[in-house]
Amino acid sequence: MVSIYTPDRWVLVKTPKCYRVFGTWSGGYLVGHSWRFNSGITKIVEHSNFYEFLGYSGSIYRCGKDSYGYDPYGWSVLYMYKDQGVTVLTGDVPDLILSIQGELGDQNETLACQ
């Protein structure tokens, strides 16, 4: 069974081994905030108002085009990973995606997170 995730906020990150999606979900009264990294991007599919990021684990992240970025909670989590070589990608999201797609097409094996 494929796991599908739809984060409230998301950013693309580069790790020493691959590109990943970092997603956060806003909490409420009974449930706190949460976050996840995907297993590594293998394919990106663009839709009219969201992107689908397919991961090495088979999971799918559906990320809204208007929700790129992070809130203070997301920043605090990402800050913990800065010493591990995790870099948040900044710039125009369509340009970032084109760049990642180019690298995936050219070097899929070397970008594997596994």
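The values are calculated or read from the model by the stated rules, or taken from the named source; none is laboratory data. A quick note: this is a predicted structure, and the numbers were derived from the prediction, not measured. Don't worry about glycine lacking a Cβ; one is built from the backbone with ideal geometry, like all the others, and counts go over all protein chains shown.
Observations on the structure shown:
- In this entry, L78 passes the filter for residues that are surrounded by 14 or more Cβ atoms within 10 Å (Cβ to Cβ) and hydrophobic (A, V, I, L, M, F, W, C).
- Condition met for Y68 (aromatic (F, W, Y) and surrounded by 16 or more Cβ atoms within 10 Å (Cβ to Cβ)): yes
- Meets criteria (among the β-branched types (V, I, T), modelled with pLDDT of 95 or more and outside any helix (DSSP H, G or I)) for V45: yes
- Residues that are outside any helix (DSSP H, G or I), within 13 Å of L12 (Cα to Cα), out of contact with any helix residue (DSSP H, G or I) (no Cβ under 7 Å at 6 or more places or on another chain) and touching a residue at least 60 places away in the same chain (Cβ under 8 Å), drawn from segment 61-79: G69
- Reported count of residues in segment 56-72, each being at pLDDT 95 or above, in contact with a Ser or Thr (Cβ under 7 Å, 6 or more places away or on another chain) and of a type in the set (G, A, S), is 1.
- Flag if H33 is over 18 Å from K17 (Cβ atoms) and modelled with pLDDT under 95: yes
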